[in-house]
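Below is one structure, written out as structure tokens; comments come after it.
The values are calculated or read from the model by the stated rules, or taken from the named source; none is laboratory data. What you are looking at is a predicted structure, and each value in this text was computed from that prediction instead of being measured. Because the Cβ atoms are built from the backbone with ideal geometry, glycine has one as well, and the counts that use them run over all protein chains shown. These area figures cover heavy atoms from the full protein model, side chains too; ligands, DNA and RNA do not enter into them. Shrake-Rupley method; radii C 1.70, N 1.55, O 1.52, S 1.80 Å.
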Amino acid sequence: MPARNILVINCGSSSIKFALVREGRDDFILHGLAERLGANGASLRWQGETDEQPQTLELPGADHKAALARLLPLVAQAAQGKLHAIGHRVVHGGERFTQASRLTDEVLSAIRETSPLAPLHNPANLVGIDAAMALYPDLPHIAVFDTAFHQSLPERAYRYAIPEPLYREQHVRRYGFHGTSHRYVSHKAAEMSGLAVGDSYWLSAHLGNGSSTCAIANGQSRDTSMGLTPLEGLMMGTRSGDVDPNLHSHLARTLGWSLEKIDHMLNHDSGLLGLSGLSNDMRTLEHAREQGHANAALAIEVFCYRLAKSLASLTCALPRLDGIIFTGGIGENSALVRNLTVKHLHVLNLELDGEANARCVRGVGGPIHLAGHPRVLVIPTNEEKQIALDTLAVLD
Ligand code: AMP
């Protein structure tokens, strides 16, 4: 059978990220981004495999549907008319979805019902799905869920210690996110290390603007740092990660802050940005740290210490450790973050090879541990490829 072409669509509230993936290949035939949709200055940027530079097009007044109507012909042309399916990233699949699913009316209403658990993400994902299905009604459309990989968590890992009816009736439990990335890099790690996926044990750290850790046993997620929402766990670009749950009532009582104001502070004004008072961007903070900016240095220090603490705690979920994986924009590029984090993990006998650590940036992956010490790997993630693989698995 000739290699099939899968279009992967990741719809945010004002953007659409897309990639045309050909079966069996890691790079994309075409990829791009439509942004500022529904606002002034909407635009589309894309790059084909033979293009030296990305191309851009202004899309005045475009919404998601208009942007898709403009980009789908580019995709059809790049696929030479042979598009086999569309894989849609959906952030929250609740407890219902343990794997990717073909989008039927029933699946669409289940995604809609899950929206209260992801009020910012699922409705945006649905806008893209509706528009793409209207434009390509005859193609198979597949939903690939960020949460699905973590549905293998044991109950002791996913339950909160709160009254049981809140779980049973309100579905309050830990779900976890970034599943597509954790799954992809753990498979790659096994491949790189000559181990079988079904007999390998990993801790992975996906460190981007959103960050999470995951313990993976034999290809299955066993525990992860994000919870009911992506706010739990690690310190992130603008998200606080773990804080005392009484912080809400403390701020309401002492400052009279509303729930909305507290939510906004924890999700948008905290993390690297909040601690540094400077930026949510790790590159900016590394640069400022070199210039002697004390709060930038502190933000990086807290980030790395909390990350190490999360990784160490996740060892409880594994009987053995075959290696630690760094991925995501920060994990793939920041030798400093990897170095500072691993320094806190002496108890696991981890040691980095300084040269190898410095070499792994901008898409270069590989082992970065010192010989004779446990594996530490840098693995560039490829969520689009994993979504395409999951889409193909549903087609088959
Ligand atoms: P992502 O959300 O995966 O795109 O990751 C975004 C984060 O990766 C931002 O904090 C960037 O500053 C960070 N990042 C990208 N390149 C580098 C780099 N060369 N060094 C340090 N951080 C980087």
key: Members of the stretch 298-311 found to be open to solvent by less than 60 Å² (accessible area, probe 1.4 Å) and out of contact with any Gly (no Cβ under 7 Å at 6 or more places or on another chain), listed by number   = A299, I300, V302, F303, C304, L307, A308, L311
ask   = Restricting to the stretch 42-68, what's the tally of residues that are touching a His at 6+ places or on another chain (Cβ under 9 Å) and hydrophobic (A, V, I, L, M, F, W, C)?
value = 1
query = Here are some conditions: (1) touching a helix residue (DSSP H, G or I) at 6+ places or on another chain (Cβ under 6 Å); (2) within 24 Å of I379 (Cα to Cα); (3) within 14 Å of the ligand (Cβ to nearest atom). A308 meets all but one. Which one does it not meet?
reply = (3)
task = Tell me, please, whether a residue that is within 12 Å of the ligand (Cβ to nearest atom) and either in contact (Cβ under 8 Å) with a residue 40 or more places away in the chain or surrounded by 20 or more Cβ atoms within 10 Å (Cβ to Cβ) (or both) can be found in the stretch 312-319.
result = no
request  = Go through the stretch 275-285 residue by residue and tally those that are open to solvent by 40 Å² or more (accessible area, probe 1.4 Å) and either β-branched (V, I, T) or within 14 Å of the ligand (Cβ to nearest atom) (or both).
outcome  = 6
task = Select the strands (runs of 3 or more DSSP E) contained entirely in the stretch 24-63, then report the ones holding at least 1 residues which are aromatic (F, W, Y), free of Cβ contacts under 8 Å to residues at least 40 places away in the same chain and touching a Leu at 6+ places or on another chain (Cβ under 7 Å).
result = 43-48
note = How many residues of the stretch 1-22 are farther than 20 Å from V127 by Cβ and exposed (fewer than 15 other Cβ atoms within 10 Å of the Cβ)? The answer is 3
message = When you scan the stretch 368-391, do you find a residue that is charged (D, E, K, R), within 12 Å of the ligand (Cβ to nearest atom), open to solvent by less than 30 Å² (accessible area, probe 1.4 Å) and touching a residue at least 40 places away in the same chain (Cβ under 8 Å), even just one?
response = no
message = As an exercise: evaluate R102 against (1) under 14 Å from L7 (Cα atoms); (2) in contact (Cβ under 8 Å) with a residue 60 or more places away in the chain and give the number of the one condition it does not meet.
response = (1)
note = The number of residues in the stretch 77-86 that are part of a helix (DSSP H, G or I) and without any contact (Cβ under 8 Å) to a residue 12 or more places away in the chain is 1
key: Residue check for S334: within 16 Å of the ligand (Cβ to nearest atom) and either modelled with pLDDT under 95 or within 22 Å of the chain's Cα centre (by Cα) (or both)   = yes
key: Selection within the stretch 1-48 - at negative phi and of a type in the set (D, E, K, R)   = R4, K17, R22, E23, R25, D26, D27, E35, R45
task = Restrict the check to the stretch 285-307 and report whether at least one residue is at pLDDT 95 or above, under 20 Å from the mean Cα position of the chain (by Cα), under 19 Å from G241 (Cα atoms) and basic (K, R).
result = yes
key: Filter result (open to solvent by 60 Å² or more (accessible area, probe 1.4 Å) and under 18 Å from R174 (Cα atoms)) within the stretch 77-119   = E95, R96, T98, Q99, E113, P116, P119
query = Is it the case that some residue within the stretch 205-217 is more than 16 Å from the ligand (Cβ to nearest atom), closer than 17 Å to R174 by Cα and not hydroxyl-bearing (S, T, Y)?
reply = yes
inquiry  = Of the conditions (1) farther than 28 Å from P374 by Cα; (2) charged (D, E, K, R); (3) in contact (Cβ under 8 Å) with a residue 12 or more places away in the chain, K309 satisfies every one except a single condition; which number is it?
reply    = (1)
key: Criterion: open to solvent by 50 Å² or more (accessible area, probe 1.4 Å), without any contact (Cβ under 8 Å) to a residue 40 or more places away in the chain and within 16 Å of the ligand (Cβ to nearest atom) - qualifying residue of H346, H268   = H268
Selection within the stretch 286-297 - in contact with a Leu (Cβ under 8 Å, 6 or more places away or on another chain) and either of a type in the set (S, T, N, Q) or more than 16 Å from the ligand (Cβ to nearest atom) (or both) = N295
query = Can you find a residue in the stretch 118-131 that is assigned to a helix (DSSP H, G or I), more than 18 Å from the chain's Cα centre (by Cα) and more than 28 Å from T381 (Cβ to Cβ)?
reply = no
task = Can you tell me which residue among L68, L74 is open to solvent by 20 Å² or more (accessible area, probe 1.4 Å) and either of a type in the set (D, E, K, R) or not in a loop (DSSP other than H, G, I, E, B) (or both)?
result = L74
